[in-house]
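Step one of this worksheet: look at the structure below.
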Amino acid sequence: MRYLNRRRIEAVVFLALLIGFFSFMASYMTLNHLLSSLMNTAHDLLLNTVFYILAITVLAGALGKLMIEFGVVRLLEFLLAPFMKPLFNLPGVAAMGGLMTFFSDNPAIISLAKDKNFSSYFHKYQLLSLTNFGTAFGMGLVVITFMIGKGFFLPAIIGLIGATIGAIFSTRIMQMFIKKILPKEELNFHKDLEEKISFRSEGSTFMRALNATLDGGKQGVDLGIAIIPGVLIISTLVMLLTFGPADASIGYQGLPYEGVPVLPKLGSYVGWLFRWLFGFKNAELIAFPITSLGAVGAALSLVPKFIQENIIGANEIAVFTAMGMCWSGYLSTHTAMLDSLNHRELTSRALISHTIGGLAAGISAHYIIVLLSFFHLI
């Protein structure tokens, strides 16, 4: 009986919030224009943004799989391994985790962490901190390729540097939290292996290249399809709360991206803070990092509109790239990974650590841009 009462209360609260939202929006736009803008925005995002991102994920997936198949990722792992311990307090093989998520998506780190051959290199606290390390680079190749495709090569690279700095903060803070909680015997659990993990494949060079290209492209399709709900639902909602009428002199017409600028209004109260931290000059830009928390693919869909509105430049792209990579849907990934490792109780600490890491990523990217601008290098 108590469960039924709670469900009824939830239903009433949900309906009240839903009706309140639509009533608020319709009071400015009228219900007819609100529904038209809602559908037109989702349709425009599907045609002009989702399919563009889908094409990038297919090509990036094929490239990433080829690099794994022919040992480029292992070479990068070898080159990056010396930096893992001093920067992240992780064994050198952890570089593989970062590269796998960079070339694919956050869930790649889950499958690696559960691989006993891989996890044996880690102390328990280090293994659990992979939650933060891996997700800091999720969909990195897609994000960077998207930004470069919009004509921002150097800012995208600076964003990658910022994401790396964010990963350092996130991973180190998470390790600090874990050491205070885990029993001493679990902290010291570690087993050295003489052989490194290996990914062997068989067949002729042509067949390996063909299979890798097709398999990587297929994974890219799956990833591109997976981001559609996030883009159409989250981005449409964010757009409705970010931009006003297309033509203020005419008023609302039911066009795509028309809405009530609630987020800019709220952002204006702390605009000084965002200018100081990230160099944002327009309150609308706060929509990108907020959307990245749930789905970076959805956040990327905001960029073309910002470019059209002429409110972003090299600094904003660098900050977007850094925070987009670092915050690429970590709200869902951290829970799933820690649950798979039987440490769900650490989820809140992982989220706190990664929130700080994402902020550090954006701040670092901004001030790198400031430094380069001071010396007239950008």
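Can you tell me the 0 to 90 degree angle between the C-alpha axis of helix 153-179 and the longest principal axis of the chain, rounded to 10?
70 degrees
Are any of the pairs Lys65/Lys85; Lys150/Lys305; Lys65/Lys124; Lys116/Lys180; Lys65/Lys116 more than 19 Å apart by Cα-Cα distance, and if so, which?
Details: Lys65/Lys85 27 Å; Lys150/Lys305 12 Å; Lys65/Lys124 29 Å; Lys116/Lys180 25 Å; Lys65/Lys116 22 Å.
Correct reply: Lys65/Lys85; Lys65/Lys124; Lys116/Lys180; Lys65/Lys116.
In degrees from 0 to 90, rounded to the nearest 10, what is the angle of the helix 2-29 Cα long axis to the longest principal axis of the chain?
Once rounded, the angle reads 60 degrees.
Skipping prolines and chain starts, which residues have an amide H placed within reach, meaning under 5 Å, of the one on Asp105, given they are 5 or more residues away or on another chain?
Met139
By how many degrees, between 0 and 90 and to the nearest 10, does the Cα long axis of helix 124-135 differ from the longest principal axis of the chain?
Tilt relative to the chain: about 40 degrees.
Kindly put Phe88, Phe375, Phe146, Phe83 in sequence by how many other C-beta atoms sit within 10 Å of each C-beta, fewest to most.
Values: Phe88 24, Phe375 7, Phe146 27, Phe83 13.
Least to most surrounded, the residues fall as Phe375, Phe83, Phe88, Phe146.
How large is the helix-only mean residue ellipticity at 222 nm for the chain, computed as the sum of -39500 (n - 2.57) over DSSP H runs with n ≥ 4, divided by its residue count, in deg cm²/dmol to the nearest 500? Write down the numbers at each step before the final one.
On the way: 21 runs with 264 residues, N = 378.
The helix contribution divided over the chain gives -22000 deg cm²/dmol.
Treat the count of other C-beta atoms within 10 Å as a stand-in for reagent exposure and order Leu15, Leu99 from fewest to most.
On the way: Leu15 10, Leu99 24.
Result, fewest neighbours first: Leu15, Leu99.
Give me His334, His33 sorted ascending by neighbouring Cβ count inside 10 Å, so fewest comes first.
Details: His334 24, His33 20.
With the fewest neighbours first, His334, His33 line up as His33, His334.
Once the piece of chain linking Trp272 and Ile290 is laid out straight, how much longer is it, given 0.36 nm per residue of separation minus the C-alpha distance between them? Write out the running numbers ahead of the final one.
Values: separation 18, 0.36 × 18 = 6.48 nm, distance 1.75 nm.
Here the segment from Trp272 to Ile290 would lengthen by 4.7 nm.
Stretch Ala209-Lys179 to full length: gain in nm at 0.36 nm per residue minus the Cα-Cα span?
Details: separation 30, 0.36 × 30 = 10.80 nm, distance 4.39 nm.
So the chain would gain 6.4 nm between Ala209 and Lys179.
Got the relative contact order for the stretch 32-374 handy, in percent, Cα pairs under 8 Å and 6 or more residues apart? Please list the in-between numbers first.
Details: 591 pairs, mean separation 94.4, N = 343.
Dividing the mean separation by the residue count of the stretch 32-374 yields 28 percent.
Values in this text are rule-based calculations from the coordinates and carry no lab data. If you're wondering where the values come from, they're calculated on a predicted model, not measured in any experiment. Virtual Cβ from ideal backbone geometry, glycine too; neighbours counted across all protein chains shown.
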